[in-house]
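Take a look at the structure set out below.
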Amino acid sequence: MGPNVCERSRERKRPTVTGQRKHRGTPPIGSLLGYVPRVVLSILLASTAVLAVVFSGVVRGWEATISAFAISLAVPGNALSVGQVTYFGLGTPRPRGIDITELCSAVMIVAPLLLLSALLLLMVRFKIGTIFRALSAGFLIIVLANVIRIVMIAFGWDNFGTAGFAAAHQGYGSVFALMAFTAGMIVFIRLSFGRKGKPNK
């Protein structure tokens, strides 16, 4: 009877399978608290995307200011911005202005990028620092590409008239912008997912 009693006592000490599953399925308090910053940052990025679209006029005003500075380096004369319009060639016989509309703004590309970043932040497999580095790289590529496109339009208009404007605005300028925007999204995805699409550890 001695061995049988020992075997029974051992069996009683063993945790049940249900108890093991319940313990594994309950996340520790530290993990839940550590997830809060992800939720907060995700909400901030999503809110920024929405605000950028709602107040696109303000954002396009910033783009016009940056574009005016860039155009002044490539086109003769002075350049300045008033609202969302970039004026260039000031002080020359042919001053002109480029109106940065919603379709010509980088907001329409940056906003989805912010929303995608907000979504990835909610997944613990992605590191917060990695997401923000990828977002910064993609953001810079997209914004700089759009500024360069506007400079190309101003340069073509100043040197070749309306034909140069049309070629830069609807031709090679649009192709350049499309390629650059695509490159920005690819860089963001590659940096977010890591090399060869493997998840970050």
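Here are some notes:
- In this structure, residue 62 and residue 125 have a Cβ-Cβ separation that, at R0 = 35 Å, corresponds to a calculated FRET efficiency of about 0.55.
- Each residue of the range 161-178 is assigned a 3J(HN,Hα), and the resulting list reads x, 5, 5, x, 5, 5, 5, 6, 6, 10, x, 5, x, 5, 5, 4, 4, 4 Hz, derived from the Karplus form 6.51 cos²θ - 1.76 cosθ + 1.60 (θ = phi - 60°), x at Gly and Pro.
- The range 151-192 - convex hull of the alpha-carbon atoms, volume per residue in Å³: 45 Å³
- Potential extension, residue 50-residue 174 segment - 0.36 nm per residue separation minus Cα distance: 42.1 nm
- Cα principal axis extents for the range 52-201, largest first, Å: 60, 28, 22
- Once all protein chains are placed together, residue 47 keeps about 50 Å² accessible to a 1.4 angstrom probe.
- For the pair residue 82 and residue 163 in one chain, pulling the backbone fully straight at 0.36 nm per residue adds 26.6 nm over the alpha carbon distance.
- Percent accessible area from carbon and sulfur atoms, the range 117-201, protein chains only, probe 1.4 Å: 74 percent
- From largest to smallest, the equivalent ellipsoid semi-axes obtained for the range 119-169 from the alpha-carbon gyration tensor read 39, 9, 5 Å.
The values are calculated or read from the model by the stated rules, or taken from the named source; none is laboratory data. Note that this is a predicted model, so its numbers are computed, not measured. Counting neighbours? That spans all protein chains shown, and the Cβs are built from the backbone with ideal geometry, glycine included. Protein only, heavy atoms only, side chains kept; ligands, DNA and RNA dropped before computing areas. Shrake-Rupley method; radii C 1.70, N 1.55, O 1.52, S 1.80 Å.
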